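What follows is a single structure, written as structure tokens, with notes after it.
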Amino acid sequence: MDGVTRDSVSRAEEARELQRGWYGEPLGELFRRLIADLGLNQSRLAAVLGLSAPMLSQLMSGQRAKIGNPDVAQRLQALQELAGQVADGRIDAVEAAGRMAEIRESTGSSVLSAGMRRVPGEAGYASAPQVVRGIQTVLRSLAAADEIERAALALAPGHPQLAEFLRVYGAGRTSDAVAHFEAHQD
């Protein structure tokens, strides 16, 4: 292997490790699972996420590490949740196709705000784990866990609650963040 190829392989491996920290697994693995679970191809997945096909390919191969657009990160989270519902049999293929169209059109903080003022069991209610994963997706699309930890450390003297929020949601385990979220709801 020549130096240029070895260097690009090393950068791709490094990018996949960063992705593992930010998204829980390399995006190539995550995207391939979504493609299989939702019956998509790469072009359709890119369209639903709001990415170009070349950008999706670069993220999958490790040529790029991070999803820079928070809307795309939120759509990815929504697709992961949808894939889980399809796998559990709670949603059929026809309904999943309709939901993917809604996800493709979504922008803003819908993942974060969904369910915050609704009653459990109501249509559209987001559970604590769904809200927490939305928060984690946004934070982890903006910075790596070690960067979030450093920011929390810097904030701690003057803003301990914000520092705790960053540590728990940005660098901690989902189960700990869900417990934190549930403890701090009205």
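The values are calculated or read from the model by the stated rules, or taken from the named source; none is laboratory data. Everything quoted here is computed from the prediction, not taken from an experiment. Glycine gets a Cβ as well: all are built from the backbone with ideal geometry, and neighbour counts include every protein chain shown.
Going by what's in this entry, would Thr107 be described as surrounded by 18 or more Cβ atoms within 10 Å (Cβ to Cβ) and either of a type in the set (S, T, N, Q) or at pLDDT 90 or above (or both)? Let's see the steps before the verdict.
Numbers: surrounded by 18 or more Cβ atoms within 10 Å (Cβ to Cβ): no; either of a type in the set (S, T, N, Q) or at pLDDT 90 or above (or both): yes.
Spelling it out, it is not the case that Thr107 is surrounded by 18 or more Cβ atoms within 10 Å (Cβ to Cβ) and either of a type in the set (S, T, N, Q) or at pLDDT 90 or above (or both).
Can you confirm whether Met55 is at pLDDT below 95, over 20 Å from Arg140 (Cβ atoms), under 17 Å from the mean Cα position of the chain (by Cα) and among the aliphatic types (A, V, I, L, M)? Working first, answer last.
Numbers: at pLDDT below 95: yes; over 20 Å from Arg140 (Cβ atoms): no; under 17 Å from the mean Cα position of the chain (by Cα): yes; among the aliphatic types (A, V, I, L, M): yes.
Considered against the rule, which asks whether it is at pLDDT below 95, over 20 Å from Arg140 (Cβ atoms), under 17 Å from the mean Cα position of the chain (by Cα) and among the aliphatic types (A, V, I, L, M), Met55 comes out as no.
Report yes if Leu76 is farther than 22 Å from Arg173 by Cβ and surrounded by 13 or more Cβ atoms within 10 Å (Cβ to Cβ), otherwise no. Outline the logic, then answer.
Values: farther than 22 Å from Arg173 by Cβ: no; surrounded by 13 or more Cβ atoms within 10 Å (Cβ to Cβ): yes.
When the stated conditions are applied, Leu76 does not pass them.
Among (1) surrounded by fewer than 14 Cβ atoms within 10 Å (Cβ to Cβ); (2) at pLDDT 90 or above; (3) in a loop (DSSP other than H, G, I, E, B), which single condition is Glu13 missing?
Unmet for Glu13, out of (1) surrounded by fewer than 14 Cβ atoms within 10 Å (Cβ to Cβ); (2) at pLDDT 90 or above; (3) in a loop (DSSP other than H, G, I, E, B): (3).
Out of Leu45, Leu30, Leu76, which single residue is at pLDDT 90 or above and more than 21 Å from Ala145 (Cα to Cα)? Full working, then the answer.
Numbers: Leu30 fails: more than 21 Å from Ala145 (Cα to Cα); Leu76 fails: more than 21 Å from Ala145 (Cα to Cα).
The conditions single out Leu45.
Within the range 15-38, can you find the residues that are touching a Gly at 6+ places or on another chain (Cβ under 8 Å) and over 24 Å from Gly172 (Cβ atoms)?
Once the filter is applied, which keeps residues that are touching a Gly at 6+ places or on another chain (Cβ under 8 Å) and over 24 Å from Gly172 (Cβ atoms), the range 15-38 yields only Gly28.
Leu76: touching a residue at least 60 places away in the same chain (Cβ under 8 Å) and more than 14 Å from the chain's Cα centre (by Cα), yes or no? If you could, list the steps in order and put the result at the bottom.
Working: touching a residue at least 60 places away in the same chain (Cβ under 8 Å): yes; more than 14 Å from the chain's Cα centre (by Cα): no.
Criteria not met by Leu76.
What is the residue count in the range 14-51 for residues that are polar (S, T, N, Q) and closer than 20 Å to Leu139 by Cα?
Pass one, the range 14-51, residues polar (S, T, N, Q): 19, 41-43.
Next, only the ones that are closer than 20 Å to Leu139 by Cα stay: 19.
The number of residues fulfilling the criteria is 1.
Could you check the range 166-183 and list, in sequence order, the residues that are without any contact (Cβ under 8 Å) to a residue 12 or more places away in the chain and surrounded by 11 or more Cβ atoms within 10 Å (Cβ to Cβ)? Walk me through it before giving the result.
Initial filter on the range 166-183 (without any contact (Cβ under 8 Å) to a residue 12 or more places away in the chain): 172-173, 175-176, 179, 183.
Correct list: Gly172, Asp176, Ala179.
Anything in the range 139-186 that is β-branched (Val, Ile, Thr) and modelled with pLDDT under 85? List them, or say none. Let's see the steps before the verdict.
Within the range 139-186, the subset β-branched (Val, Ile, Thr) is 148, 168, 174, 178.
Selection gives Thr174 alone.
Taking the range 114-138 as the search range and keeping residues that are among the hydrophobic types (A, V, I, L, M, F, W, C) and modelled with pLDDT of 75 or more, which one is surrounded by the fewest Cβ atoms within 10 Å (Cβ to Cβ)? So that I can check it myself, show each step before the final result.
To start, the set of residues in the range 114-138 that are among the hydrophobic types (A, V, I, L, M, F, W, C) comprises 114, 116, 119, 123, 126, 128, 131-132, 135, 138.
From the residues that got through so far, the ones that are modelled with pLDDT of 75 or more too are 128, 131-132, 135, 138.
Working: Ala128: 16, Val131: 20, Val132: 23, Ile135: 20, Val138: 19.
In this case the residue turns out to be Ala128.
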